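Rule-based calculations on the coordinates, nothing more; no lab input. Because the structure is predicted, anything quoted here is derived from the model rather than measured. Please note: Cβ atoms are built from the backbone with ideal geometry, for glycine as well, and neighbour counts cover all protein chains shown.
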Amino acid sequence: MFNDLSSTLALLATRRSGRPRDLVAPGPGPDQLRAILEIAMRTPDHGKLHPWRFVHVPHARRTEFAALLQSAYRAANPEPGRLEIEANERFAHQAPELVVALSCPTAGIKIPVWEQELSCGAGCMNLLLAAHAMGFAGGWVTGWAAYSPEILAAFGNPGERIAGFIFLGTPAAELEERPRPDYADVVSEWDGRG
Ligand SMILES: Cc1cc2nc3c(=O)[nH]c(=O)nc-3n(C[C@H](O)[C@H](O)[C@H](O)COP(=O)(O)O)c2cc1C
């Protein structure tokens, strides 16, 4: 566990996503998953709206999830090829745990929807950090399924959107660092000009 400042910073500096298909057992147990989700909920949230929610897809429901993916895929692609069917099947069964993150903004109020969507993204990030702190890795992916009306109907309510499928587990191999942007490309000093 990370319990001093330097190890907390090391934790933040070393987090990496895992590719969902490379995440294997063990995944977080029920108590660990709850703790991860409780940390995800501790997220900046203008107006205390909690404009996000998380749906856990238990292992016992992965077969139904696969069937949902296949039928949603067929709704947009009536004659899917074998490779597409296999890819959907793999997606449904990969990684020990799966959480579907939903953005649930309220329109027409003082807090802009944009801010509510940012809060949802922050919640997903907190979820990944909590998983990393427990020694797991997470993979936050979207793909066609996140934008499918059939999949959304199975997980969300009207007006909600799928922010991502967050797969959790243990990386099958050590995660390699990936290129990061140059500091100067993304950080600058304001020169005071209006
Ligand atoms: C909203 C969102 C959706 C994403 N969807 C995908 C995806 O569908 N497929 C994919 O390979 N990576 C996707 N990514 C990127 C990965 O989650 C991850 O950021 C990337 O693999 C490297 O992440 P790291 O810097 O955390 O290691 C998505 C990221 C975000 C924020």
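Some notes on this structure:
- The convex hull defined by the C-alpha atoms of region 1-51 has an orientation-averaged projected area of 5.5 nm².
- Residues considered: Leu68, Leu49, Leu168. Largest GNM mean-square fluctuation over the chain, using C-alpha springs under 10 Å, is found at Leu49.
- Net +/- balance of residues flanking Arg61 in space, Cβ distance below 15 Å, scoring K and R +1, D and E -1: -2
- Net charge in the neighbourhood of Pro28 (other residues with Cβ under 13 Å of its Cβ; Lys, Arg +1, Asp, Glu -1) is -2.
- In region 69-155, trypsin sites (Lys or Arg not before Pro) in a DSSP loop with at most 12 other beta-carbon atoms within 10 Å: Lys110
- Its residues counted as N, region 1-135 yields a C-alpha radius of gyration over 2.2 N^0.38 Å of 1.24.
- Annotation for region 72-91 versus region 9-59: alpha-carbon center distance of 28 Å.
- Comparing mean-square fluctuations of Gly81, Gly164, Gly121 from a GNM of the chain with C-alpha springs under 10 Å, the top value falls on Gly81.
- Region 70-128: Rg to Rh, with Rh as the Kirkwood radius over Cα pairs: 1.16
- Screening the chain for whole DSSP H helices with an alpha carbon extent of at least 20 angstrom along the helix axis and a mean Kyte-Doolittle hydropathy of at least 0.0 yields 62-76, 113-133.
- Percent breakdown of C-alpha pair distances by 5 Å bin, ordered from the shortest bin, for region 112-194: 3, 11, 14, 16, 18, 15, 11, 7, 4, 2, 0
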